[in-house]
Amino acid sequence: MGGSLQATPPIALIAFDMYGTLARNDASAWEGTIGAIAREQALPVAGEALWREWSGREVSFRKTRTNMADPAASPPFRSYWEAWRDTFVESFAALGIEGDADLAATRCVDALCERPGFPDVSPALDALARLHTLTVLSNADDRYLDATIRHNGWAFERVVSSESARAYKPDPRIFAAFCAQVGVAPEHVLYVGDSPYDDVHGAKLAGMQTVLLRRDQQTPGRTPPPEAAVLLPADHEIDSLAALLPLLQAAA
């Protein structure tokens, strides 16, 4: 879908989102992690109840962390670990229980370190790496982003996280920081992600070319777009990462 890559500036590198695009991040995995936290800390509440309380508050963090009307006026940056710790503090208080919020946030990070890749990812990356420079730009903390890449045996020319850029997609500042680090103008970057708002809309605002990868899953880590927001469309949409190389070859 969308315009032809033949009519766009040449692509100097490909940037990928990580969770939900390359690595799995299913809601069921999060539910399992939160349930494990309840059991490991012997909390007097079922894991399902803690998940409902925590996940609702975590969504609120993602909704409010960036002021897209004036990104410079956004709240002070908090890493995911910091935000998740604070969310556990709030959740424990709301449920009237005592728990170790630091340990719970660390447990979430530990779980993310071992997220498996989708089956189509490694073959596609191997094929793409023969022709293109591959990079990652992800809303993630450095520790679990780097660990996920190592866990799956992947290699990228450059990896930029929200933690290192001190901003979250779709904030234009994270895309600007990425381009500054890789030394490539945004119009020469092809950004591939699974979120219409964080990935496509954000990258398009920054001037990048975009591909929306439609995965058949619900990913908890997506930022909810503002109500009545009109999102910029992707240049192309694909259902599998295996379709990316033929798309690029057709445009060559």
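Test of understanding: among Ala185, Ala228, which residue is out of contact with any Cys (no Cβ under 6 Å at 6 or more places or on another chain), assigned by TED's automatic domain parsing to the domain that holds Ala124 and at pLDDT 95 or above?
Ala185
In the stretch 139-186, which residues are aliphatic (A, V, I, L, M), within 13 Å of the chain's Cα centre (by Cα) and more than 16 Å from Ala72 (Cα to Cα)?
Ala140, Leu145, Val159, Val160
Suppose we filter Ser240, Ser195 for residues that are out of contact with any helix residue (DSSP H, G or I) (no Cβ under 6 Å at 6 or more places or on another chain), touching a residue at least 60 places away in the same chain (Cβ under 8 Å), of a type outside the set (A, V, I, L, M) and crowded, with 16+ Cβ neighbours inside 10 Å; which single one remains?
The unique qualifying residue is Ser195.
Restricting attention to the stretch 35-48, which residues are hydrophobic (A, V, I, L, M, F, W, C), part of a helix (DSSP H, G or I) and touching a residue at least 40 places away in the same chain (Cβ under 8 Å)?
Ala36, Ile37
So is Asp26 under 30 Å from His236 (Cα atoms), charged (D, E, K, R) and in contact with a helix residue (DSSP H, G or I) (Cβ under 6 Å, 6 or more places away or on another chain) or not?
In short, no.
Identify, by number, the condition in (1) part of a helix (DSSP H, G or I); (2) exposed (fewer than 15 other Cβ atoms within 10 Å of the Cβ) that Pro10 doesn't meet.
(1)
Can you pull out the helices (runs of 4 or more DSSP H) entirely within the stretch 94-196 that have at least 2 residues that are of a type in the set (Val, Ile, Thr)?
Per the criteria, 101-112, 142-152, 172-182.
The values are calculated or read from the model by the stated rules, or taken from the named source; none is laboratory data. Here the structure is a predicted model, which means the values were calculated and not measured. We place every Cβ from the backbone using ideal geometry, glycine too, and count neighbours over all the protein chains shown.
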